[in-house]
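As structure tokens, the structure follows; a few thoughts come after it.
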Amino acid sequence: MATSTSVPFVAVKKKKGVIKDTDLCDFAVTELIHDFKSIEPGIGEPKINGISPKRYSKNKENFHKILADGLNGCANVNLIPSNTFIKYTEPEILAQITGANFKANIKNNTLNDKVIIISNGFEYKVKITSKTEINESSPGTFDDSECGIKLFDNLFDTTITPTPILLIDVDMGITKYLKTGNNGTTARKVYMFSPVVVRADSATKMNLTDTKSLKTNFLNTSGIDLINVIDIADFSTAAATTNTKSDDFFSKYTIKSYENGEKIDQDWSGFSKIGTGSGANKVLTRSDVNKTNNRTNVAKKIDPIINISPGTDVTGPNNMIATTAIAEKNREIFNSEIQSKRSGDWLPVIYILNYNSASAQLKTYSNPIVPTQISFTAPSTFEPTNMYIVTNDTPLVAFALYSGVNIILINDGKFISLTKVN
């Protein structure tokens, strides 16, 4: 078991494909505070006491036991107190993986066209372009006539990535910029790829059923040619028994994401106190997860078990580590809820790592004005090495890089592509 003397994210090469237990466990704490440090209620609703860094520190051992109960490889089954987890802030966890000066060197363009080696030895080519740069013909002169062309050429080396495949976590304007200006040559194309796990995320995504949006992005001849591709196949995570590799969801639960009419639903398996069924493998179905896995809905479900007066900050977490049936149930509720919110970021990474062209059911739209699905015949280059997750979410960037997945980070007015080269 890891102890406080463990040093995760050491910036030296490790055996490829093997990730120390503490590395992935630490993401759980970072994501917990990232999503739930403060919760803004709906209009007229009472404020929910979140899990701030201060509250986490005050209840660190209790939160470690609670989190460990829903993860594999992060503590033993008896919930013995440990320092298994290390809490990083969002900038810290990215710095641990990419190097302490990563954000500064992006801001000043030092890393542009450079190769960086991250903490587990993966190498990434970095290309940086600013929103100002692609909108100007010369400094201070506005000209967006080649906006999409310049963005494409500045982000992608087509000798490495023939046709980029973008899985959008948060768009932050990249689609708009790609579709601005001249269309250049027909060689410049981008696949906008939406498998079930991307459409299952509660973050705002491109509306794949809105005629106006589809027409603007896929019929508009301006800018770069965007090709709409979806995967309608179910996607299930493997049940990781240890926490030594990132192509399993290190939750102790398994997750099946699937289309259900117009909705994306998920079946979460492996519960003993919640869900339906018998024994220690009950199933909890989460319906319409791109709407119900959002932070506010999740916070409302965990609020009654972590915020108990008096002693709101400590009473709930302390009650949850008891060796009682109600405490076990509350731990399952807590972990399934926060993991469901986190899964919107984690599952697309795991999908890419497990992508199988033989089992994918790729579709496109014959005409965005009448969005009827037809089969999409993928070229041989439609594969994981050409796939990028687009986001501004720091923990997701850190997890994707550490897992060996390409990323386009949108930060401080810049688009930054990080393409794995080995």
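Structure above, values below:
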| quantity | calculated |
| --- | --- |
| Fully extended contour minus Cα-Cα distance, from ASN422 to SER130, at 0.36 nm per residue | 102.5 nm |
| Protection-proxy order for peptides 317-327, 131-141, each taking the mean of Cβ atoms within 10 Å per residue, highest first | 317-327, 131-141 |
| Shape call, the range 88-237: gyration tensor on alpha carbons, a/c limit 1.5 | oblate |
| For LYS114, residues with placed amide H under 5 Å, excluding near neighbours | VAL126 |
| Efficiency of FRET from Cβ geometry, SER145 and GLU90, R₀ 30 Å, rounded to 0.05 | 0.20 |
| Length added when fully stretched, ASN297-THR209, from 0.36 nm per residue minus Cα-Cα | 29.3 nm |
| Normalised contact order of the range 328-396, rounded percent, pairs of Cα under 8 Å and 6 or more residues apart | 28 percent |
| Translational diffusion coefficient (Stokes-Einstein; Kirkwood radius from C-alpha pairs) of the range 115-199 at 20 °C, 1.002 mPa s, in µm²/s | 148 µm²/s |
| Ranked by how many other beta carbons lie within 10 Å on average, peptides 89-101, 395-407, 177-189 from highest | 395-407, 89-101, 177-189 |
| Shape call, the chain: gyration tensor on alpha carbons, a/c limit 1.5 | prolate |
| Simple label model, 7 Å out from Cα along Cβ direction - LYS47 to LEU219, nm | 4.8 nm |
| Whole-angstrom gap from the range 336-378 to the range 142-170, using each part's C-alpha centre | 21 Å |
| Whole-number percent relative contact order across the chain, with pairs defined as alpha carbons under 8 Å at least 6 apart | 20 percent |
| Across the chain: Cys residues that no other cysteine approaches within a C-beta distance under 4.7 Å | CYS147 |
| Which listed pairs, of LYS273/LYS341; LYS127/LYS263; LYS103/LYS205; LYS107/LYS300; LYS127/LYS301, have C-alpha distances above 30 Å, in listed order | LYS127/LYS263; LYS107/LYS300; LYS127/LYS301 |
| Ranked by how many other beta carbons lie within 10 Å on average, peptides 31-41, 337-347 from highest | 337-347, 31-41 |
| Relative contact order %, the range 195-341, counting alpha carbon pairs below 8 Å whose residues are six or more apart | 18 percent |
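Throughout, read-outs are computed from the coordinates displayed, never taken from laboratory work. Only a predicted model underlies this, so the values are computations on that prediction, with no experimental measurement involved. Cβ coordinates were reconstructed from backbone atoms using ideal geometry, including for glycine residues, and neighbour counts include every protein chain displayed.
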